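Here the structure comes first, spelled out in structure tokens, and everything after it is commentary.
No lab work stands behind these numbers, since they all come straight from the coordinates. The shown structure was predicted, so the numbers you read here are calculated from the model rather than taken from an experiment. Cβ placement follows ideal geometry from the backbone for every residue including glycine, while neighbour counts extend to all protein chains displayed.
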Amino acid sequence: MTEGSPNVRLTILGKRMRLLRERRGMNLAEAADLLSKSKAALGKFENGQVALKPSEVDYILLKYEMYDAAERGPYLRLSERGRAKGWWLEYKEVVDGKGADFLSIESEAGRIDIFSTMVVPGLMQTPAYAAAMMGGSTPEEAEREPDLQTKVAFRMERQRILHGDSATRLHVVISEAVIRQKFGGESVWREQMQALLTVSRMENVSLQIMPFAAETHPGMSGAFIVFDALEGDFSVVLVESRSFSTFLDDLDQVALYNSMFEELKRLALSPEATRELIDDALHPSASDG
């Protein structure tokens, strides 16, 4: 058992284990007695404050009468990943604790659904666009600032999850404003639009635009990301705003955001129409000007 500050994975695992306990009709003291643990130790685990070894989690699951190995599997994998060290430790100078939580979830999600209102999501950004977003007005300025170079390199490294045999499935809905705002200037914007056209044609990626002409939609309240674990009830939502971001892991909240995203997909332009709109933005007709 390793004690430390909670991370999102361990918090989710603890909450799901508490649900299992409650479904068995046991209070904390009764479960602690069953497991031969102190009430305080079990409480810390359920609050995500301690990381148990997969073998310890397996013991608890068996005591809670979860005998099916396939059912226990997602819990054990989450336990293992909650203790694991990630590739992003190489970028510790630009990644804080909350950032590490985000990356641990992003890097192992089976599917990611993103709704973005103002900017191209990081998983689709070009280096020059990323530099402009982070404060460098030009690629040359980014080259002169080591910290900015590191941040850009780090963002590009994140995109590796979209490639390979076990590539993450990515579905993105962006506001039309995202393709109209020319961050970094004309050349940076054009390169980014071309990149969107390219990445949107990948087999595991879908891109849709919510046009200005769209009716009121569930994304009016702001940007969010749904990380789907694909197995078990371990999906999580990141709700973003200019002043804060927060993770939601309550099952009902996750279901709500999944429903919201499905509605956004229904109201947005199709992937084909989205590419046409981007192409039109890149090559406006004489009548448009």
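Legend: distances between Cα atoms for Lys44/Lys98; Lys92/Lys151; Lys53/Lys98; pairs beyond 18 Å are Lys44/Lys98; Lys53/Lys98.
Once the Cβ-Cβ distance between Tyr59 and Glu240 is put in as r, and R0 is 30 Å, what FRET efficiency do you end up with, to the nearest 0.05? Walk me through the numbers on the way to the answer.
Values: r = 38 Å, r/R0 = 1.26.
Calculated transfer efficiency: 0.20.
Over the residues of the chain, the helix contribution to mean residue ellipticity at 222 nm works out to -15000 deg cm²/dmol, using -39500 (n - 2.57) for each DSSP H run of at least 4.
Stretching Lys182 away from Tyr67 to a fully extended chain increases their span by 35.8 nm, per 0.36 nm per residue minus the current alpha-carbon distance.
Taking only Cα atoms of the chain, what ratio of Rg to Rh do you get with Rh as the Kirkwood inverse-distance radius? Working shown, then result.
Values: Rg = 21.7 Å, Rh = 20.9 Å.
We get a ratio of 1.04 for the chain.
Report the net charge of residues surrounding Arg169, where surrounding means a beta-carbon distance below 10 angstrom and charges are Lys +1, Arg +1, Asp -1, Glu -1. Please report the intermediate quantities before stating the final value.
On the way: positive: Arg111; negative: Asp113, Glu203, Asp228.
Neighbour charge sum, excluding Arg169 itself: -2.
Place a +1 charge on the Cβ of each Lys and Arg in the chain and a -1 charge on the Cβ of each Asp and Glu, then give the dipole magnitude about the Cα centre in debye, rounded to the nearest 20. Working shown, then result.
Values: 34 positive and 44 negative charges, 178 e Å.
It comes to approximately 860 debye.
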